[in-house]
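Values in this text are rule-based calculations from the coordinates and carry no lab data. This is a predicted model, so every value here is computed, not measured. Ideal geometry is used to build each Cβ from the backbone, glycine not excepted, and the neighbour counts take in all protein chains shown.
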Amino acid sequence: MTILSAFDIGLVVLILAVGAATIAKRDAFAAVIGYVVYGLLLAIAWVRLSAVDVALTEAAIGGGMTGMLLLGAVARLRLAKGSDARPSFPVRFAAAALSALVAAGLAIAVLSPPEAIPTLAPMVMENLAQSGLGNPVAGVLFVYRALDTLLEKVVLILALVGVWSLAPDSVWGGIPGLRVYAPPSSTLTFLAQLLPPVGIVVAIYMCWIGAKEPGGAFQGGTVLAAMWLLVMIAGLKSVPSISQRWLRLLVVVGPVIFLAIGISGMVLANAFLAYPPGYAKPLIVAVEFALTLSIGVALGLLAAGPPERVQPQ
Amino acid sequence: MKLAFDILTIFFVSAGALFFLAGTVGLIRFPDPLTRLHALTKVDNLGLGLVVLGLLPQATGLFGALKLVAIWLLVQLSGAIVTQLIAGTVRHHGPHG
């Protein structure tokens, strides 16, 4: 047994243990922390499977962003009255049964793969050079399955609209209820002044490098969102109200540019979401940059939550 | 030359791993949040610092090495500040939030 396979076995045992501990925890806060650790361990597992793109996304979205959303949910539950009351037995039983059903379905799908695994990977690698991209994952996302990628971004906007519509009518279009910690000149202020310039460069780098190596719009966008949230939580910039036109424009600019290029492909390249020959890479990079911006703003607003107060006139 | 680099890597990464181990033992064994934070800072600063130092000879080119150093600096910065924030919260609200 080599050192690496010992490491892999240890990693899998650890992931299973953290997963079990997350389910077994009675306290919601502890369970969320367990979930974040689980996400980070999964990211290492993806690296071991040589899927660095997936690992980056898992660390950014699974560990970081979802963790933050869940922590926000826990804080809201604590504030809400009667949150200590446990749901009734049938509700808990139904939740457990549904979860077990999903887990069993996934287990069957994973544990009994077909004899000859159908794969398009060799075809992707053969034709990747035509697009000018070096990262096969970016090739699949933006060339072969561009429609899926486009719909994914639209789903993100729908999720944001869903969160916004949780607001009562009186504060519709108001300011999201992100908790702002603003003690003057605290260490958090220092971090929020120092880190964003670095973070913005890292986000642009991740988006740019995504064309030929692991990285991309989602990873870069998450870093952007984190920087924006840091600045808002530290109280350096106020949380904007969701009725601001520039904010809504930023949320949709990525998908709109993607869609515009896709429709122009019908004229210039004879198919929806096809790129004219020779222009694939610059167009894809342009779409990725716009998407990074949109994803960053959308994720930041998702974490900021539904509007809670009206903008003072 | 490569052998010398490999020996350096093994030495420093092992030393770093030792600090990680010690820090983790401290995190589990120490009685209250402040002493636990004290154990964790050693992991951030020295443990990761030694691991990065050990990986430098294996880095691909100057940019690879600079990225590793940048990661160490960023973890130090965020680690130090998060430690301050947690310690401040403990001081204001007591160890149980």
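Within the shell of other residues whose beta carbon sits under 12 angstrom from the beta carbon of residue A:52, the net charge comes to -2, with Lys and Arg scored +1 and Asp and Glu -1.
Short-range pairs are left out: with C-alpha atoms under 8 Å and at least six residues apart, the relative contact order of chain B is 32 percent. Local charge for residue A:239 was computed over the other residues whose Cβ lies under 14 Å away, with Lys and Arg +1 and Asp and Glu -1, and equals +2. Going by a ≥ b ≥ c, the root eigenvalues of the Cα gyration tensor, does the stretch A:130-194 fall in the rounded group (a/c under 1.5), the prolate group (a/b larger than b/c) or the oblate group? Oblate, since a/c reaches 1.5 and b/c is not below a/b. In terms of the Cα gyration tensor, with a ≥ b ≥ c the square roots of its eigenvalues, is the protein assembly as shown rounded because a/c is under 1.5, prolate because a/b exceeds b/c, or oblate? It is rounded, given that a/c, with a ≥ b ≥ c, falls under 1.5. Remark: B:92, B:38 ranked as B:92, B:38, counting other beta-carbon atoms within 10 Å and listing the fewest first.
Of all complete DSSP H helices in chain B, those with a Cα span along the helix axis of 27 Å or greater and a mean Kyte-Doolittle hydropathy of -0.5 or more are B:2-29, B:61-93. For chain A, which DSSP H helices look membrane-span-like by this rule: Cα extent along the axis of 27 Å or more and mean Kyte-Doolittle of at least 0.5? Helices passing the filter in chain A: A:3-24, A:28-48, A:89-111, A:146-164, A:187-209, A:245-268, A:280-304.
In straight-distance terms, cross-link reach from residue B:67 covers every one of the lysines whose alpha-carbon lies under 20 Å from its own, apart from those fewer than eight places away in the same chain; here that gives A:212.
If you take all C-alpha pairs in chain B, what percent of them are over 22 Å apart?
39
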